[in-house]
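Before any comments, here is the structure.
The values are calculated or read from the model by the stated rules, or taken from the named source; none is laboratory data. Being a predicted model, the structure only gives us computed values, none of them experimental. Cβ placement follows ideal geometry from the backbone for every residue including glycine, while neighbour counts extend to all protein chains displayed.
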Amino acid sequence: MPPSEKLPVKIKYLATAAKLACAAALAVSAAGPVVAQNAAAPAAKVTAATPAPKLVVVISVDQFSADLFTEYRSHFTGGLARLASGVVFPAGYQSHAATETCPGHSTILTGNHPAHTGIIANNYFDLSAARDDKKLYCAEDETVPSSSSKKYSASINHLLVATLGDWMKVANPKAQVVSVAGKDRAAIMMGGRKADELVWLVPTGLTSYPGVALSPTAQQAGTAIAAAIAAPRPPVALPAECGSHDIAIPIGDKGATVGTGRFQRDGGDFRRFMASPEADGAVLAAGAALRQARKLGEGDTTDLLILGLSATDYVGHSTGTEGSEMCMQMLALDRELGDFFARLDATGIDYVVALTADHGGHDLPERNRQNAWPAAERVDKALDPDAMGKAAAEKLGLSQPLLYGDGPFGDMYLSKALTPAQRKAALADLVARYRAHPQVEAVVTGEELAKYPISKRSPDVWNLMDKLRASYNPQRSGDFIVVLKPRVTPIPESGLGYVATHGSVWDYDRRVPILFWRKGLTGFEQPNAVMTVDILPTLASVIGVPLDMNKIDGRCLDLLSGPESSCR
């Protein structure tokens, strides 16, 4: 093993071709980093009269639950430690029920719940769609003839509201917006319609919308990332802090285990690349390269750099949230963010950072049962919508397929071929079938939700209807929604790829940290519950961008600790 691979993750993980080559891309895109003469000088205290920062950096860490933040907070020494010294809202909420990647990202920079963004799930069904594949991906253009939910044409068409970048462009067309992410849906849902550059990771490096050519800097970064993906990676040494997490957990019936992984992979294994700190390092390096090439934060207006870090989600899905893999990922994320902020510091740019997550997550049931949740279990295959629909159709003498759904919980759609009487009978039968199952907490119909108002209460006291209503859009949501009981993992078998997931209405999937930092901003911790929809109005106030608050679900969060307020 090369000596560099023996370094603990917390020291330096991404000393790979991707990081080195992206640094080279920086060098050719400009003469070098602009180091302000007063970069090391103490910052003046931020007050209500302080001018707007020149750069807004918004970071989403996919599946970074409030539980993970709390568990590893004392171990952070890099970028996450810096953010934890700023303004901390440890009780942040993705308040809605559909705690998936696309809905969550749609709330962060729009200030709206999925009920208004229209992004109700990663995948939903439109049974009137003019194509055989009725399942729609949240970030696709289904009108493209070749597009399907599995091989789709990426698009922002399904997002119904404006993002922060869109509002900034209206206020000042010179403002630049760049969005870089591990996943397309993260880059798209946060980047908005007016982004100057919007890219995400693919096996060949970086890509954007169909027909959109990458900038020279993005091409260089993508080439470097592709080279890193193609190179095999030997195992990484286990940091001492992660020793207590290094326990093998059996999964499946073929002798497989998780909990002791070291991010080793074969060359070209994109899935394992994404489920490692390399992926976040690549996004951060590409973001730094694009920032410098475009001189974000160096002009006479405020610019926006958006970074979607997806590795934590892939690690959580592949190995769970409590093994050595997640421990190593948390330490590496902290270090990589620290390196990224150090690069920004060297420019002397006045920048503000907001970091949150698209949703939380929980551990795999096999490990949960050994810890505090002995009743944790995997979902019964009988709850699959195909199986439930078939049983109901046979009983009622109806044609199949009767029921459409993207898994054993969430939105369920009845066939459009039913007569009103048939639909009434099928709905009654299926609702009763799901409610009778011991793993089901509740079943709520779309008709019930349509009559229910969106809650204005604090998200920590929301009831089940409040959570479901915030995800309900009458044009896109199902005829009824199935809610599983706590700690029921909606993956029927382990050892076949993903072993853990999220998406439930329960707080372990809803709670996320919300962190703000700016040089000179007095740090404090606000324990009251807030929501990710509050991020947009908060940042808009900081940079002086006017909003139509009648179109926003969130509210401005005060980032000043004294008698003054940052909310204008």
Subject >> Residue identified as modelled with pLDDT under 95 and either crowded, with 16+ Cβ neighbours inside 10 Å or closer than 30 Å to Thr321 by Cα (or both) among Gly205, Gly252 >> reply: Gly252
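Residue-wise test of (1) at negative phi; (2) assigned to a helix (DSSP H, G or I); (3) surrounded by fewer than 24 Cβ atoms within 10 Å (Cβ to Cβ).
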| residue | (1), (2), (3) |
| --- | --- |
| Pro235 | yes, no, yes |
| Glu278 | yes, yes, no |
| Leu305 | yes, no, no |
| Glu322 | yes, no, no |
Original post:
Which one is surrounded by the most Cβ atoms within 10 Å (Cβ to Cβ) among residues in segment 384-422 that are of a type in the set (D, E, K, R) and touching a residue at least 24 places away in the same chain (Cβ under 8 Å)?
Top reply: Asp411
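A quick yes/no check of all residues on (1) among the aliphatic types (A, V, I, L, M); (2) modelled with pLDDT of 95 or more; (3) outside the structural domain of Cys327 (by TED's automatic domain parsing); (4) closer than 18 Å to Leu333 by Cβ:
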{"site": "Gly79", "(1), (2), (3), (4)": "no, yes, no, yes"}
{"site": "Ala91", "(1), (2), (3), (4)": "yes, yes, no, no"}
{"site": "His96", "(1), (2), (3), (4)": "no, yes, no, no"}
{"site": "Glu100", "(1), (2), (3), (4)": "no, yes, no, no"}
{"site": "Leu127", "(1), (2), (3), (4)": "yes, yes, yes, no"}
{"site": "Arg131", "(1), (2), (3), (4)": "no, no, yes, no"}
Original post:
Taking the condition touching a Ser or Thr at 6+ places or on another chain (Cβ under 7 Å) and part of a loop (DSSP other than H, G, I, E, B), does Leu159 pass?
Top reply: yes
Original post:
Residue check, Leu214 against (1) in contact (Cβ under 8 Å) with a residue 40 or more places away in the chain; (2) surrounded by fewer than 22 Cβ atoms within 10 Å (Cβ to Cβ), all met but one. Which one?
Top reply: (1)
Original post:
Out of all the residues in segment 526-560, which are surrounded by fewer than 19 Cβ atoms within 10 Å (Cβ to Cβ), over 25 Å from Thr99 (Cα atoms), touching a residue at least 60 places away in the same chain (Cβ under 8 Å) and not assigned by TED's automatic domain parsing to the domain that holds Lys174?
Top reply: Leu560
Original post:
Looking at (1) part of a strand (DSSP E or B); (2) without any contact (Cβ under 8 Å) to a residue 40 or more places away in the chain; (3) closer than 27 Å to Cys567 by Cβ, which is the only condition Pro453 fails?
Top reply: (1)
Original post:
Considering Ser471, Ser541, Ser561, Ser477, which residue is touching a Phe, Trp or Tyr at 6+ places or on another chain (Cβ under 8 Å), at pLDDT 95 or above and among the polar types (S, T, N, Q)?
Top reply: Ser477
Subject >> Any chance Asp339 is charged (D, E, K, R), assigned by TED's automatic domain parsing to the domain that holds Gly297 and closer than 25 Å to Glu100 by Cβ >> reply: no
Original post:
Quick check: anything in segment 129-151 in contact with a Phe, Trp or Tyr (Cβ under 6 Å, 6 or more places away or on another chain), in contact (Cβ under 8 Å) with a residue 60 or more places away in the chain, within 25 Å of Ser415 (Cβ to Cβ) and assigned to a strand (DSSP E or B)?
Top reply: yes
Original post:
Restricting the search to segment 330-348, which residues are polar (S, T, N, Q) and closer than 16 Å to Phe69 by Cβ?
Top reply: none
